[in-house]
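Each value in this text was obtained by applying a stated rule to the coordinates, not by laboratory testing. Computed from a predicted structure; not experimentally measured. Glycine also receives a Cβ, built like all others from the backbone with ideal geometry; neighbour counts cover every protein chain displayed.
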Amino acid sequence: MKKVRLVSLLALAAASVAGLAACNGNAKMKVGLICLHPADSSTYDKNFVEAFKESAKKLGFNPIIRENVPEGPECREVAENLADTGCKVVFADSFGHEDYMIEAAKKHPTVQFCHATGTKAAAEKLANYHNAFASIYEGRYLAGVVAGMKLQAMKAADASVASKIGYVAAHPYAEVMSGYTSFYLGVKSIVEDVTMDVKYTDSWYDETAEKTAAKALIAGGAVLISQHADSYGAPTACEEAKVPNVTYNGSTANVAPETFMVSSRINWSPFYEFVVNAVKEAESPEKANIPANWCGGFKEGSVELSELGKNVAPGTAEKVAEVKAKLENGSLKVFDTSKFTVKGEAPSEANMAPSKQWTFDYPDGTEFIKGGYYHESEYRSAPSFDVLIDGINDLGSVNPKE
Amino acid sequence: MPELAQKQKVKKVRNPLFHIARRNEVPTWFVFVVKLSFILGALLLCGIISFLVSPITLDEMPEKFISYYIFVVEGTFFNMNTAFSTLWNASLLLIIAAAITPAFKMKFWNIGAEGQVLMGCFGAAIVMKFIAPSIPNFLALILMLVLALIFAAAWAAIPAIFKAFFNTNETLFTLMMNYIAIGLVAAFSLKFKATGSTALGVLNAGTHAGWMPEIFGSSYLIGIFVIINLVVALWFYLKYSKHGYEIAVLNGSVRTAEYVGINVKVVTIRTMILCGAVCGIAGFLLVSGSSHTVSETVVGGRGFTAVMISWLGHFNPLEMVLYSVLNAIITVGSSNAAANLQYSGEVANVLSGLFFLLILTSEFFTNFRIRFNLRQFFKSKNEPPMSEGQTPKAEGGKQ
């Protein structure tokens, strides 16, 4: 009797499922987005989700957002499920999703898989797998110019102000190192003799560590702070100490109304729109013309600077517009090799090549320095600059390990 | 205190509104009707909540009233791939639920399946990373299975030995073993992961060494086939084998078991090793068939969900089939509905939790009878107050 009960229950479940399967029709193109955390609790994912929804409205596609997908095999399951249920493009937002996106791409050759911040697309040579990033180093350089103007004004008002700034950094990886070097070079373009202390928190999000690091940098003599980490720790500490600060991922004027100057962020909409349009224009999704590595800049709208805070130096807005125009037309290069030195020597392939072990495995003979500047984000979209240049002091982690 | 005495005097005693009594004979049709109505009720509730939380308007989606069901089906049985994936998720849950059942049947509350499966995954992944690339694939798969069996069986045997010889609490012991397993895997990933990455990543992505071969384009089918056979074997083992009988006697009473000459220590340890071994097979199938790596989250809570499935299935591996399939459909389907109907993935988790809470509630109604005595209840209200001396006694007696 028990078995009869079971069989009939199963049959009923199957019948109800089959009956509903028949009615499904949606004309809009489906596009998937895989996020590591819920957008409500992470500013990083929020930046992806909000741009995604905006692009969906603009281009009229159907946004299918899957949140809370860990950087593990679950990601492949979700990516495959999105592809199976009709998504023509699947995006993923976190570095650790990459391996699983590649696996899903191999199983679904007719669907495009695009991964932000990843590094393996060039080596995989799959027609339907792509990496994307933005030339955020240009945004940080410009933010550095804003900081430099302020530092110059502070020095002009009080000759005893030191030319020393501080940087709260997440992890000692290329993405972070490229970021703080470009920021430093931006400041240096205004105040030639500036030096910068860097302290790591070893986490993308650790409010306490970020606050501690900012305080330590200020105690060490830094008169201005910038950051690359995701919490409000650093700007809060700066507001308390009345130290001007530059942030990342969007304006932090809400927590530091008196001291906030400017913030840079990546806007992912141009990338979403580029990919979706490419797929729409192609006769079938697998034939869409998308490069293995896509890197957007000011021109595409991928790199954005927030509104300036109220404590910036006079004339900053004009200076920003002038430098931005030069960056856009290519007459100014952020990593101009005549503007910095490495261990007292001029930058060369020998002292500048990214570490293959730590950063990425590029072909031998790749020229990173050509035409007088370091070619950031050209051989792959994710940053590769991972050398400590003169003028920047690495003070190590805020929580040193024994 | 004359006032107080006055108050006590007028206090009325009511007959209870309803009585709860255990059902003795439960007809099959009745269980069927109750379960079915609860499943349908739970589906209806999920559909209503989904409808209410979705920001999509009826203009944009005229079929919004039934959209939850459409997307649940779409996410799970849209085509062959999704169907295989759903069956695979259900099978994994089923085999883990079946694995812990022999232990549950002898009242050994093993809630360490998560850790036992994870240790199986760990063993398989070690072979996959270090040995598989240099040996033929079938040999690699066999070695992975062997190490998975050893790791997982050991993880189950340790608490069983402590229980048998020192009478330690197996629930706490097996629970804590989960966290040790998670710690071990985390340490392993940290040691061998690529720099800048947060996880081990896919192993042997280029060579597919140690990967389960695909048939009909799916790497799940061999695993599903193995699991179906194992579940039938476990059902047979519990129902017809001598070991199964011993477990059943232990379930009744340990002293009876001792009296008839069953060695309780041996049966406890042997049964737990069996549990661990089956969990090891589950871990092996998970790593070779779908995850192709190990991470702290690779088992994904299935070891805990399996406890619920085992209970819902009344410790009958065949009955667990239904609940495993339902679980796979509702969890994956709700996530798909959440993504398509533009509400948070957290809501999808709430929906699947609610679904199974209601199914669990149905157990109450099949096991117990509720008898309402409305007439008595209301009648008692109008009865004159009890005579003095009776009231305090009755009150005291109740407490």
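Under a no-solvent Debye model with one identical scatterer per Cα of chain B, what's log10 I(q)/I(0) at q = 0.07, 0.10, 0.11 Å⁻¹?
Here the Debye-derived log intensity ratios amount to -0.45, -0.80, -0.91.
In degrees, nearest 10, range 0 to 90: what is the angle between the Cα axis of helix A:136-157 and the longest Cα principal axis of chain A?
Long axis of A:136-157 versus the principal axis of chain A: about 30 degrees.
What is the ratio of the Cα radius of gyration of chain A to 2.2 N^0.38 Å, with N the residue count, to two decimals?
So the Cα radius of gyration is 1.10 times the expected 2.2 N^0.38 Å.
Select from chain B the helices, each a whole stretch of DSSP H, whose alpha-carbon atoms run 20 Å or more along the helix axis and whose Kyte-Doolittle mean is at least -0.5; answer none if there are none.
In chain B, the long hydrophobic H runs are B:28-53, B:80-105, B:113-130, B:137-166, B:170-192, B:221-240, B:264-286, B:320-340, B:345-367.
For the range B:252-335, divide the Cα radius of gyration by the Kirkwood radius and give the resulting Rg/Rh value with two decimals.
1.09
Hey, which of these cross-link pairs are over 28 Å Cα-Cα: A:Lys53/A:Lys280; A:Lys199/B:Lys191; B:Lys105/B:Lys129; A:Lys188/A:Lys211?
Values: A:Lys53/A:Lys280 18 Å; A:Lys199/B:Lys191 25 Å; B:Lys105/B:Lys129 37 Å; A:Lys188/A:Lys211 25 Å.
Cα-Cα > 28 Å for B:Lys105/B:Lys129; rest within.
Of B:Thr207, B:Val232, B:Gly252, whose Cα points farthest to the positive end of the dipole of the range B:203-270 (charges on the beta-carbon: +1 Lys, Arg; -1 Asp, Glu; origin at the Cα centre)?
About the Cα centre, the residue reaching furthest to the positive side is B:Gly252.
Starting from 0 in steps of 5 Å, tell me what percent of the Cα-Cα pairs of the range B:127-230 lands in each bin.
Bins of 5 Å from zero give 2, 10, 13, 17, 17, 16, 13, 7, 4, 1, 0 percent of pairs.
Given contacts defined as C-alpha pairs under 8 Å and at least six residues apart, what's the relative contact order of the range B:82-322, whole-number percent?
Details: 400 pairs, mean separation 100.3, N = 241.
42 percent.
Of A:Lys57/A:Lys107; A:Lys30/B:Lys64; A:Lys107/A:Lys287; A:Lys57/A:Lys106; A:Lys46/A:Lys125, which ones are farther than 19 Å apart at the Cα?
With Cα atoms farther than 19 Å apart: A:Lys57/A:Lys107; A:Lys57/A:Lys106; A:Lys46/A:Lys125.
How long is the protein assembly as shown along each principal axis, judged by its Cα atoms, biggest number first, in Å?
The Cα atoms of the protein assembly as shown stretch 95, 86, 60 Å along the principal axes, largest first.
With +1 assigned to the C-beta of every Lys and Arg and -1 to the C-beta of every Asp and Glu, and no other charges, what is the dipole magnitude of the range B:82-322 about the Cα centre in debye, to the nearest 20?
340 debye
Taking chain A as the reference, fit the longest principal axis to its C-alpha atoms, fit the long axis of helix A:2-21 to the helix C-alpha atoms, and give the angle between the two in degrees, 0 to 90, nearest 10.
Around 70 degrees separate the two axes.
Along the charge dipole of chain B, Cβ charges K/R +1 and D/E -1, which of B:Ser362, B:Val350, B:Ala306 sits furthest on the positive end?
B:Ser362
If amide H atoms are built 1.01 Å from N in the plane of the peptide, which residues on other chains or at least 5 residues away come under 5 Å of the amide H of A:Lys30?
A:Asn62, A:Lys88
Report the Rg/Rh value for the range A:35-79, based on alpha-carbon coordinates and the Kirkwood definition of Rh.
With Rg and the Kirkwood Rh in hand, the quotient comes to 1.01.
Taking the Cα centre of the range A:209-352 as origin, work out the dipole magnitude from +1 charges on Lys and Arg Cβ and -1 charges on Asp and Glu Cβ, in debye rounded to 20.
Working: 14 positive and 18 negative charges, 79 e Å.
Dipole about the Cα centre, nearest 20: 380 debye.
For the charge dipole of the protein assembly as shown, defined by +1 on Lys and Arg C-beta atoms and -1 on Asp and Glu C-beta atoms about the Cα centroid, which residue among A:Ala153, A:Gly297, A:Asn277 has the Cα displaced farthest towards the positive pole?
Farthest towards the positive end: A:Asn277.
Give the dimensionless ratio obtained when the Cα radius of gyration of the range A:51-112 is divided by 2.2 N^0.38 Å.
So the range A:51-112 has a normalised radius of gyration of 1.10.
What is the helix-to-structure angle for A:43-59, meaning the angle in degrees between its Cα long axis and the longest Cα principal axis of chain A, kept from 0 to 90 and rounded to the nearest 10?
Around 60 degrees separate the two axes.
Any idea how far apart B:Phe130 and B:Leu40 come out in nm if each label point goes 7 Å out from Cα toward Cβ?
5.7 nm
So what's the back-of-envelope 222 nm ellipticity for chain B, counting only DSSP H runs of four-plus at -39500 (n - 2.57) apiece and dividing by all residues, rounded to 500? Walk me through the numbers on the way to the answer.
Working: 16 runs with 276 residues, N = 399.
Estimated from H runs of four or more residues: -23500 deg cm²/dmol.
Charges at C-beta only: +1 for Lys and Arg, -1 for Asp and Glu. How large is the resulting dipole of the protein assembly as shown about its Cα centre, in Debye rounded to 20?
For this selection, approximately 4000 debye.
Looking at chain A, which longest stretch skips every one of the trypsin sites (Lys or Arg not before Pro) that is in a DSSP loop with at most 14 other Cβ atoms within 10 Å, leaving the sites themselves out?
A:126-241
Report the Cα-based extents of the range A:317-369 along its three principal axes, largest first, to the nearest Å.
Its Cα atoms span 42, 25, 18 Å along the three principal axes.
According to the Kirkwood expression over distinct Cα-Cα pairs, how big is the hydrodynamic radius of the range A:265-341, in Å?
After inverting the pairwise mean of 1/r, the radius is 15.4 Å.
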